[in-house]
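The values are calculated or read from the model by the stated rules, or taken from the named source; none is laboratory data. Keep in mind that this is a model prediction, so the values were computed, not measured. Backbone-built Cβ (ideal geometry, glycine too); neighbour counts: all protein chains shown. In case anyone asks, the SASA skips ligands and DNA or RNA and just uses the protein heavy atoms, side chains included. Shrake-Rupley method; radii C 1.70, N 1.55, O 1.52, S 1.80 Å.
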Amino acid sequence: MRLFVAVNPPVDAVQELADAVAPLRELPGAERLRWTEVAGWHLTLAFLGELPVTELPALTGLLARSAGEHGAHRLRLAGSGCFGDRALWAGVDGEVRALRRLAETVRAGVTELGVESDRLGFQPHLTLARSGAARGSRRADRRTAAGGLQGLAGALEGFRGAEWRAGELCLMRSETGLGGSRYTVLERFPLAGLST
């Protein structure tokens with residue numbers, strides 16, 4: 001199974017962001033992007049890749065322990081940016097240090113289990129859209145894509161959603177196919193009480 005660990009924003013927070021993003025989808029150039037499905041919006045803490053089912057008991061035990069070591073915390077979806085010419089994202093504000101510590105614990109734990117998580121450092125974000133500009137594409141195409149993404153990020157940079165309580169870790173399954181990826185929560189792990 002293709003797995004990752006995430007914190008999922010509540011429905012109200014997702015809807016706020018969806019309402020703010022809707023006008024962006026009508027801007028010139030937005031039709032060239034691959035917009036992510038609102039139902040799948042999440043904050044990835046660690047991408048684990050393909051794992052055999054036999055690894056699940058150890059992984060779920062680790063995630064339960066990790067969740068119990070960290071307090072729930074307050075977050076909000078806020079701001080925006082882009083990863084070069086590749087992706088447009090919404091940012092995260094609030095108790096981001098607590099979210100980072102949680103991600104570090106999860107990543108260290110899965111490494112101890114012998115599971116290699118993504119090698120990129122943790123950057124709290126929610127991916128909104130990806131460009132069609134591939135790494136091998138022409139420089140002019142990449143520059144156009146980057147300019148379009150930067151313009152969209154600029155249009156969303158003032159967004160500040162309502163604060164919400166991040167109270168659980170989720171082990172997620174990703175299934176790819178026609179129409180993009182579908183995400184399913186396999187198991188939820190409650191965090192400890194609210195942080196101070």
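Under a 5 Å amide H to amide H cut-off, with H placed in plane at 1.01 Å, what residues pair with Ala46 once short-range neighbours are removed?
Correct list: Val5.
From Cα pairs below 8 angstrom and at least 6 apart in sequence, can you work out the relative contact order of the chain, rounded to a whole percent?
34 percent
Does anyone have the angle between helix 139-156 and the longest principal axis of the chain? Alpha-carbon axes, 0 to 90°, nearest 10?
70 degrees
For the chain, which whole-number percentage of the solvent-accessible area (1.4 Å probe, protein heavy atoms only) is attributable to carbon and sulfur atoms?
50 percent
Of Thr54, Thr105, which has the most accessible area with a 1.4 Å probe, and how do the rest follow in descending order?
Sorted descending by solvent-accessible area, the residues read Thr54, Thr105.
As a test of reading the structure, rank Val5, Val38 by solvent-accessible area (1.4 Å probe, protein chains only), most first.
Correct descending sequence by accessible area is Val38, Val5.
Take region 6-135, drop everything but the C-alpha atoms, weight them equally and run the Debye formula without solvent; then report log10 I(q)/I(0) at 0.11 Å⁻¹ to two decimals.
Evaluating at q = 0.11 Å⁻¹ gives log10 I(q)/I(0) of -0.46.
So with the 1.4 Å probe, I'd like the accessible area per residue for the chain, rounded to whole Å².
53 Å²
About the Cα centre, and with charges only on the beta carbon of Lys, Arg (+1) and Asp, Glu (-1), how big is the dipole of the chain? Nearest 20 debye, please.
Using only the charged Cβ atoms, the result is roughly 580 debye.
If one takes the longest principal axis of the Cα atoms in the chain, at what angle in degrees, from 0 to 90 and to the nearest 10, does the Cα axis of helix 56-68 lie?
The helix 56-68 is inclined about 90 degrees to the chain.
Which angle from 0 to 90°, rounded to the nearest 10, does the C-alpha axis of helix 11-21 make with the longest principal axis of the chain?
Between helix and principal axis, roughly 20 degrees.
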